[in-house]
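Asks: Handing you this structure, nothing more for now.
The values are calculated or read from the model by the stated rules, or taken from the named source; none is laboratory data. Given the structure is predicted, the values throughout are model-derived calculations rather than measurements. Ideal geometry is used to build each Cβ from the backbone, glycine not excepted, and the neighbour counts take in all protein chains shown.
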Amino acid sequence: MAKVELRNVYKSYGTTEIIHGVSMDIADGEFVVMVGPSGCGKSTLLRMIAGLEEISGGDIAIDGRVVNNLEPKDRDIAMVFQQYALYPHMSVHDNMAYGLKIRGLPKAEIETRVQRAAEILELSKLLGRRPRELSGGQRQRVAMGRAIVREPKVFLFDEPLSNLDAKLRVQMRAELQALHKRLGTTTVFVTHDQVEAMTLAQRMMVMNAGHAEQIGAPLEVYGRPASTFVAGFIGSPPMNLIPGTLAEGGAVLLADAGARVGLPAALPKFDGRKLLLGVRPEHLEPCDEAAALLVPDVDFIELLGSDVLVYGHLGADRKGARVAARLHGSMAASDGHLALRFTPKHMHLFDAETGKRIEIE
Amino acid sequence: MVEHRPLLKFVSHAVLILGAIIVAFPLYVTFVASTLSLEEILTVPMPLLPGNRFFENYAQVLTAGTTTGSHAAVGSMLFNSMVMALVVPLGKISISIISAFAIVYFRFPMRNFFFWMIFVTLMLPVEVRIIPTFKVIADLGLLNTYAGLTLPLIASATATFLFRQFFMTIPDELAEAARMDGAGPMRFFFDVVLPLSKTTMAALFVIQFIYGWNQYLWPLLVTSEESMYTTVIGIKRMIVGSDAANEWNLVMATAVLAMLPPALVVVLMQRWFVKGLVDTEK
Amino acid sequence: MAMEKRVVFRSAWLPYALVAPQLAITIVFFFWPAAQAVWFSFQLQDAFGMHSEFVGLENFAALFRDPHYLQSFKTTAVFSLLVAGCGISLSLLLATMADRVIRGALAYKTILIWPYAVAAAVAGVLWSFLFAPSIGIVTYVLKGFGVDWNWIIKGDQAMLLVVIASVWKQISYNFLFFLAGLQAIPKTLIEAAAIDGAGPARRFWTIVLPLLSPTAFFLLVVNIVYAFFDTFGVIDATTQGGPAQATQILVYKVYHDGVKSADIGGSSAQSVILMVLVIGLTAIQFRYIERKVQY
């Protein structure tokens, strides 16, 4: 087990730079998730840690040792691939044993490790099978087994759950967490799925266009998103972001198409500033017209059973910002309007130019 | 098929049976002739049912050849043909698979240049460079040797392409997984690439076995000694004069021997054969 | 070559060692002889190979003045068109029928692929035996129909014989490709046409044949290349270009002039012309492959 340090890591192909200086210290035994939309550079970053991509600038250190110029096999890491990358002509047993054989471990030691991993992953009965005779979930486990037997300092996961169906994904998430609890190995996990990131991560790095937009614990990222990008990426449906200018002593946001959104508490120091007001759909609640801070016109409604999702628009002729609200139980909408309010602690402000978070206090 | 039309079905079978008879007729006559005495063949029309000289004819050609034409025994010719039929495909597969591996899995200066060099050989069949290739073999002192018979036929752009094409379908992640497992390039080649290429190799082997066995022009040029004749050349050398002057029963016995090994390969390994044929041309 | 591997191994010497055997053989047995063929084609050698002098394009000029060579071009054209035409239409007929039947399909297929295993020279021997002027069984039958068959002295009959032997040998190959092409046509398409009221013949002309046209075009090129080069064995084992050069195709003439008459310059010039023809044919084939990739 070991810590992993990324120090101002750059990656470029020819003249195109695709990772623009990312830094993060991953503690010993920590489970870190790198999350972002496709093409944000998260997989490239993981592959740089693995040694499958060259590092164009900065340093990557594992267990205090800079590994920039080490071959993957010398970095003491193991990786689980998106398509599992099982050797199709080898049995489950041989797939797991292959790396150990190459390292020249004694036969008995290889057997012990393979058997133990198979037990942990409930693969003992399948050791003689070929990968094509396994289900998706079983293949996934073999890929994990291949990583486990190596007893590496770091586990790397490259979107390992994206090929599974929804139900299996939930189950594998639980198994991954149990496994991490049991082995305590430092883990870096890459995914584009924010739910996976929220549920698995002890800390997460939200990436966008080759930058680390925010690094923090899941609830911290959810509760205090560092930018409009993070606010829009984490949470479903995404946070409502309403652009406008603060007016009337910082008590009202004048939004597009003549819409007015009231603030639950006036912010005189930001009066006249152009910014984006952010409120999560789950933090909007229905209220009397009189107490309403915003009154969108309703476009359509989705009934989820426990909740109701309401989608609407602000402003005249529905030309203003889009608003979504997640309401509990039934909702009272009259004439296609919905009166909504929110509390000061659920209000987020972002700079209109940079998209960065504006601290209210 | 879509609808039930007895007449159409009847016509289909009739056409196929007629085609099969025409295709098989020369083969059948060859076999019959190989079991007859020379006198029986020379009666017009020759009998169309097998005679009783099967063992005599085959024993004669295998050990002693013909009396009027070439005296070389077909036994040693079969051996020479077998050498060609095995060395050509094995050599071709070996050098093509490693060069394709280098071109697909490495980046190195001149890589594209080498690739195009191999590619261009597609445009230079043996037939268009008969004289100079013969001269090269003569200069190297390889006339009447197995090396001279086989080496020039071993280079093949199609085999290299076929392997390259197959390697491109092996997922990148597999090579990455092997790297993570600590396998170097040659270890990856032997442990992963080679086992996965089995089907491609089998298909190529079948096609190239037939190609090697049936070579004609090249052995004709580089062999002048009877001991180096291949079976196909041997048959040609047995035919010395007009119609009736040849020992057709012995020629046909040799022809049957010349056809049997590749025919067995085609029929018994039909699946690989068809795959090899269709794949090499893609 | 758009596709590239994402992962590569690194080594300063290994890739060179891996391509070395193939390159060595390619250079020694392909490039060096081809270059020599070009070089020889500009030279005039005496019959003993003792002296040679540079004559520029004289060898080529002599070729195109030579009525035999021009005749050989014509012969090759007639021969390859007959081989390709007959071979393709016969195998298309057989493949279409084989695609219809279920019972006995494997047996038909097994018999029809046999000729592929037979060497061209052996095929020549078999057919020349069947058609032998005095003892051939087919000759005997033809005589019954009043046909006087003697390909040893009649040029057109000699041509017919080498065409028959060549087509017979190539029929397996064409058949297998057509069958594969037919089986690749989605059955639902045929069924849809049947529901639209198209009978079997109409379906064949309007649906099956257009969908098979890429295969047919590919086979046309392959068959022409086959007739140009691979039929050498057929001709050498039967007519040897005769009678009176009636079956002397270009490849056979290269061999005849170079090996039998030892006219190195003239033969090399013919080789160079052949190379240009192959390059043309390969280019056509390659364009076809590229087009197929786009589908």
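Asks: Looking at the structure I just gave you, is residue C:89 surrounded by fewer than 16 Cβ atoms within 10 Å (Cβ to Cβ), at pLDDT 90 or above and polar (S, T, N, Q)? Give the steps one after another, and end with the answer.
Replies: On the way: surrounded by fewer than 16 Cβ atoms within 10 Å (Cβ to Cβ): yes; at pLDDT 90 or above: yes; polar (S, T, N, Q): yes.
The answer is yes for residue C:89.
Asks: How many residues does segment B:211-229 contain that are under 14 Å from residue B:87 (Cβ atoms) and polar (S, T, N, Q)?
Replies: 1
Asks: Between C:206, C:215, C:188, which is over 23 Å from residue B:215 (Cα atoms), within 22 Å of the chain's Cα centre (by Cα) and assigned to a helix (DSSP H, G or I)?
Replies: Step by step, each of C:206, C:215, C:188 is checked, and only C:215 is over 23 Å from residue B:215 (Cα atoms), within 22 Å of the chain's Cα centre (by Cα) and assigned to a helix (DSSP H, G or I).
Asks: Which numbered condition in (1) buried (at least 22 other Cβ atoms within 10 Å of the Cβ); (2) within 13 Å of chain A (Cβ to nearest Cβ); (3) aromatic (Phe, Trp, Tyr) is the only one that residue B:190 fails?
Replies: Every condition holds for residue B:190 apart from (1).
Asks: Given the conditions (1) within 8 Å of another protein chain (Cβ to nearest Cβ); (2) more than 26 Å from residue B:276 (Cα to Cα); (3) under 19 Å from the mean Cα position of the chain (by Cα), report the number of the one that residue C:160 does not fulfil.
Replies: Only one criterion in (1) within 8 Å of another protein chain (Cβ to nearest Cβ); (2) more than 26 Å from residue B:276 (Cα to Cα); (3) under 19 Å from the mean Cα position of the chain (by Cα) is unmet by residue C:160, namely (1).
Asks: In segment C:233-247, what residues are in contact (Cβ under 8 Å) with a residue 40 or more places away in the chain and closer than 13 Å to residue C:161 by Cα?
Replies: Quick first cut of segment C:233-247, residues in contact (Cβ under 8 Å) with a residue 40 or more places away in the chain only: C:233-239, C:242-247.
Correct list: C:234, C:235, C:236, C:237, C:238, C:239, C:242, C:243, C:246, C:247.
Yes or no, residue by residue, for (1) under 30 Å from residue A:48 (Cβ atoms); (2) modelled with pLDDT of 85 or more; (3) facing chain B (nearest Cβ under 8 Å):
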site: C:1; (1), (2), (3): yes, no, yes
site: C:10; (1), (2), (3): yes, no, yes
site: C:13; (1), (2), (3): yes, yes, no
site: C:21; (1), (2), (3): no, yes, yes
site: C:57; (1), (2), (3): no, no, no
site: C:60; (1), (2), (3): no, yes, no
site: C:66; (1), (2), (3): no, yes, no
site: C:75; (1), (2), (3): no, yes, no
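Asks: Sort out for me the helices (runs of 4 or more DSSP H) sitting completely within segment A:128-202 that have 3 or more residues that are in contact with an Asp or Glu (Cβ under 9 Å, 6 or more places away or on another chain). Write out each step before concluding.
Replies: Details: elements: A:136-148, A:166-183, A:194-200.
By residue number, A:136-148, A:166-183.
Asks: Say whether the condition of being within 13 Å of another protein chain (Cβ to nearest Cβ), assigned to a helix (DSSP H, G or I) and more than 30 Å from residue C:23 (Cβ to Cβ) is met by at least one residue in segment B:41-48. Step through it out loud before you land on a result.
Replies: From segment B:41-48, those within 13 Å of another protein chain (Cβ to nearest Cβ) are B:41-48; that's our starting set.
With the extra rule that they be assigned to a helix (DSSP H, G or I), the set shrinks to B:41-42.
Applying the additional criterion that residues be more than 30 Å from residue C:23 (Cβ to Cβ) yields B:41-42.
Scanning segment B:41-48, I find at least one residue that is within 13 Å of another protein chain (Cβ to nearest Cβ), assigned to a helix (DSSP H, G or I) and more than 30 Å from residue C:23 (Cβ to Cβ), so the answer is yes.
Asks: Something else: If residue C:195 passes every condition in (1) over 21 Å from the mean Cα position of the chain (by Cα); (2) over 30 Å from residue B:5 (Cβ atoms) but one, which one does it miss?
Replies: That leaves (2) as the condition not met.
Asks: Having 3 or more residues that are small (Gly, Ala, Ser), within 30 Å of residue A:196 (Cβ to Cβ) and modelled with pLDDT of 85 or more is the bar; report the strands (runs of 3 or more DSSP E) wholly within segment A:223-327 that clear it. Before the answer, list the steps.
Replies: On the way: elements: A:240-247, A:252-255, A:260-262, A:274-279, A:297-303, A:307-313.
Hits in segment A:223-327: none.
Asks: Take segment B:228-268 and flag every residue that is under 13 Å from residue B:58 (Cβ atoms) and free of Cβ contacts under 8 Å to residues at least 12 places away in the same chain.
Replies: B:260
Asks: Could you tell me how many of the residues in segment B:49-106 are closer than 19 Å to residue C:17 by Cα and assigned to a helix (DSSP H, G or I)?
Replies: Qualifying residue count for the region: 16.
Asks: Sort out which residues of segment C:196-209 are under 13 Å from residue C:184 (Cα atoms) and loosely packed, with under 13 Cβ neighbours inside 10 Å, and write them in order of number.
Replies: Across segment C:196-209, there are no qualifying residues.
Asks: Report yes if residue B:199 is within 14 Å of chain A (Cβ to nearest Cβ), at pLDDT below 90 and surrounded by fewer than 24 Cβ atoms within 10 Å (Cβ to Cβ), otherwise no. Quick ask: steps written out before the conclusion?
Replies: Working: within 14 Å of chain A (Cβ to nearest Cβ): yes; at pLDDT below 90: yes; surrounded by fewer than 24 Cβ atoms within 10 Å (Cβ to Cβ): yes.
The answer is yes for residue B:199.
Asks: Give the residues of segment A:89-106 that are farther than 12 Å from residue A:129 by Cβ and surrounded by fewer than 20 Cβ atoms within 10 Å (Cβ to Cβ), sorted by residue number.
Replies: Across segment A:89-106, the qualifying residues are A:89, A:101, A:102, A:103, A:104, A:105, A:106.
Asks: Residues that are over 30 Å from residue B:195 (Cα atoms) and among the polar types (S, T, N, Q): does segment A:86-94 have at least one? Steps first, please.
Replies: Just the residues of segment A:86-94 that are over 30 Å from residue B:195 (Cα atoms), to begin with: none.
No, segment A:86-94 contains no residue that is over 30 Å from residue B:195 (Cα atoms) and among the polar types (S, T, N, Q).
Asks: Answer yes if at least one residue in segment B:104-116 is at positive phi, surrounded by fewer than 16 Cβ atoms within 10 Å (Cβ to Cβ) and either in contact with a strand residue (DSSP E or B) (Cβ under 9 Å, 6 or more places away or on another chain) or within 14 Å of another protein chain (Cβ to nearest Cβ) (or both), and no otherwise.
Replies: Of the residues in segment B:104-116, the ones at positive phi are B:110.
Cutting the leftovers down to surrounded by fewer than 16 Cβ atoms within 10 Å (Cβ to Cβ) gives us B:110.
Now drop any that are not either in contact with a strand residue (DSSP E or B) (Cβ under 9 Å, 6 or more places away or on another chain) or within 14 Å of another protein chain (Cβ to nearest Cβ) (or both), which leaves B:110.
Checked segment B:104-116: at least one residue is at positive phi, surrounded by fewer than 16 Cβ atoms within 10 Å (Cβ to Cβ) and either in contact with a strand residue (DSSP E or B) (Cβ under 9 Å, 6 or more places away or on another chain) or within 14 Å of another protein chain (Cβ to nearest Cβ) (or both).
Asks: Would you point out which residue out of A:105, A:100, A:70, A:52 is within 22 Å of residue A:163 (Cβ to Cβ) and modelled with pLDDT under 95? Walk me through it before giving the result.
Replies: Working: A:105 fails: within 22 Å of residue A:163 (Cβ to Cβ); A:100 fails: within 22 Å of residue A:163 (Cβ to Cβ); A:70 fails: within 22 Å of residue A:163 (Cβ to Cβ).
Checking each option against the conditions leaves just A:52.
Asks: Among the residues of segment A:65-110, which ones are among the polar types (S, T, N, Q), over 25 Å from residue A:11 (Cα atoms) and within 11 Å of chain B (Cβ to nearest Cβ)? Give the derivation first.
Replies: Let us first name the residues in segment A:65-110 that are among the polar types (S, T, N, Q), namely A:68-69, A:82-83, A:91, A:95.
Still in the list and also over 25 Å from residue A:11 (Cα atoms): A:91, A:95.
Selection gives A:95 alone.
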